[in-house]
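The block underneath contains the structure these notes are about, expressed in structure tokens.
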Amino acid sequence: MSEQNTQQEQKKIIFSGIQPTGTFTLGNYIGAVSHWGKLQDDYNCIYSIVDMHAITVRQDPAELRKHTLEAYALILACGIDPKKSIAFIQSHNRHHAEMNWILSCSTQFGELSRMTQFKDKSQKHPDDINAGLFTYPVLMAGDILLYKADLVPVGVDQKQHLELARNVAQRFNQRYGELFTVPDAYIPKVGAKVMSLADPTKKMSKSDENQNGCIYILDEPDVIIRKFKKAVTDSEACVRYAEGKDGINNLMSIYSVVTGKTNEEIEREFEGKGYGDFKIAVGEAVADHLKPVREEYKRLIADKAYLKECYTAGAEAAMRISAKTIAKAYRKVGFVDMK
Ligand code: AQP
């Protein structure tokens with residue numbers, strides 16, 4: 001075996017996914033996707049557009065198909081190199097649905113009932129509280145466990161689901177014998193929860209009805225700056241990070257991520273200046289930061305043949321790994337081998 005292959009095998013495994021429920025927000029980007037590309041050299045990375053998760057909320061089929069392709073192009077535009085990482089569309093690999101069933105039988109009704117995302121989304125969609133919405137975290141556990149991922153880069157909102165994946169993995173291993181790696185969350189120190197600009201007590205979300213609260217990473221610079229100008233702050237008119245200043249704290253975190261400046265440096269930079277100047281500076285810095293992503297996305301989305309080549313190769317590579325895990329899981333639970 002070559003030295004390069006041995007190194008590849010020794011690297012830890014990373015899995016993460018994103019739903020194609022709309023254009024990614026600055027929250028998705030800062031909390032998750034912007035880290036994905038940076039991890040490619042040090043880990044064996046597997047990234048997925050999790051379209052099966054997206055249908056837990058009613059989707060228009062044509063829109064979902066379009067958003068899935070766009071999301072795939074977007075992760076590449078954000079720096080995922082399909083030659084370094086496995087990048088695929090979840091529904092292309094049927095092992096996810098199969099693992100979902102196996103793990104459903106090792107997950108308790110009570111633990112799923114405690115999931116805050118289920119409670120939030122049931123409130124948001126009271127006319128469609130479907131079983132898939134309830135068992136979403138089991139599908140997610142399967143996504144991770146199929147690839148024996150060591151680390152899962154996610155925003156802080158996914159911490160509870162990851163905890164569940166760990167419990168399910170441990171329970172299965174105890175019941176049937178060692179199979180799954182128990183994964184750890186990889187949560188960024190700054191920007192793990194980007195808040196809505198319109199209501200800084202609420203998470204910035206793709207499906208938020210208030211468009212002003214949400215920066216989409218493909219928004220044009222003038223739109224980004226306009227939204228930041230409207231951001232809800234407080235009446236103190238002093239740029240400082242402090243309890244109770246949710247709006248300013250959020251803007252400072254965003255500014256810190258895109259400029260690399262610390263909170264102390266930001267406070268010094270805006271000493272004696274009003275919120276108006278600060279909001280414009282944040283808007284401009286974010287627009288500049290996202291410019292290369294926007295440009296690369298436009299190039300990629302126009303090249304459907306290239307995208308297809310990448311997601312097909314990605315699904316094949318993903319299946320080569322997950323086929324082994326699902327076969328072992330079937331054997332461990334006692335299913336009869338066909339061969
Ligand atoms: N506001 C956020 N701040 C930091 N990280 C965030 N993430 C989402 N919102 C924020 C992280 O983005 C990754 C992909 O999320 P997802 O698409 O799988 O689902 P989500 O968490 O439900 O994201 P949205 O934007 O809120 O989607 P909708 O509106 O469809 O529910 C995850 O790692 C997540 O932590």
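Cβ crowding within 10 Å ranks ASP51, ASP208 as ASP208, ASP51, fewest other Cβ atoms first. Taking other C-beta atoms within 10 Å as the exposure proxy, CYS238, CYS214 rank CYS238, CYS214 from fewest upward. Taking amide H as placed 1.01 Å from N in the peptide plane, the amide H of ILE89 sits under 5 Å from that of ILE49, ALA315, each at least 5 places away or on another chain. If R0 is taken as 22 Å, the Cβ-Cβ distance between LYS291 and ARG226 corresponds to a FRET efficiency of 0.85.
Placing a label point 7 Å from the Cα of TYR306 along the Cα-to-Cβ direction, the residues of segment 56-100 with a backbone N closer than 11 Å are 77. For GLY17, nonlocal amide neighbours, meaning residues 5 or more places apart or on other chains whose placed amide H falls under 5 Å from its own, are SER48. Taking a ≥ b ≥ c as the square roots of the eigenvalues of the alpha-carbon gyration tensor, segment 216-262 is classed oblate because a/c is 1.5 or more while a/b is no larger than b/c. Just to confirm the number: angle between the C-alpha axis of helix 61-77 and the first principal axis of the chain, 0 to 90 degrees, nearest 10? Its long axis makes an angle of about 80 degrees. Remark: spin-label model distance SER104-THR201 equals 3.7 nm, labels positioned 7 Å along the Cα→Cβ axis.
When the helices of the chain are scored as -39500 (n - 2.57) per DSSP H run of n ≥ 4 and the total is divided over every residue, the value at 222 nm lands at -16500 deg cm²/dmol. Ranked for footprinting exposure by Cβ neighbours inside 10 Å, fewest first, SER322, SER104 give SER104, SER322.
If you count Lys pairs in segment 70-162 whose Cα atoms are under 23 Å apart, skipping same-chain pairs closer than 8 places in sequence, the total is 6. Taking a straight Cα-Cα cut-off under 26 Å and skipping sequence neighbours fewer than 8 places away in the same chain, the lysines within cross-link reach of LYS279 are LYS189, LYS193, LYS202, LYS203, LYS206, LYS227, LYS229, LYS230, LYS245, LYS261, LYS291. May I ask for the angle, rounded to the nearest 10°, between helix 304-333 and the longest principal axis of the chain, with both axes built from Cα atoms and the value confined to 0 to 90°? So the inclination is approximately 50 degrees. For segment 34-109, the list of GluC sites (Glu not before Pro) that fall in a loop by DSSP and count at most 11 other C-beta atoms within 10 angstrom is empty. Compared with the dominant Cα axis of the chain, that is its longest principal axis, helix 246-259 is turned about 80°.
Between ASN210 and ASP41, full extension at 0.36 nm per residue minus the direct alpha carbon distance yields a gain of 57.1 nm. Potential lengthening of the chain between VAL336 and ARG299 amounts to 8.4 nm, from the contour at 0.36 nm per residue minus the alpha-carbon distance.
A short reminder: the numbers here are calculations on the coordinates, not readings from a lab. It should be emphasised that the depicted structure is a prediction, and the values quoted were computed from it without experimental measurement. Positions of Cβ are backbone-derived with ideal geometry, glycine not excepted, and every protein chain shown enters the neighbour counts.
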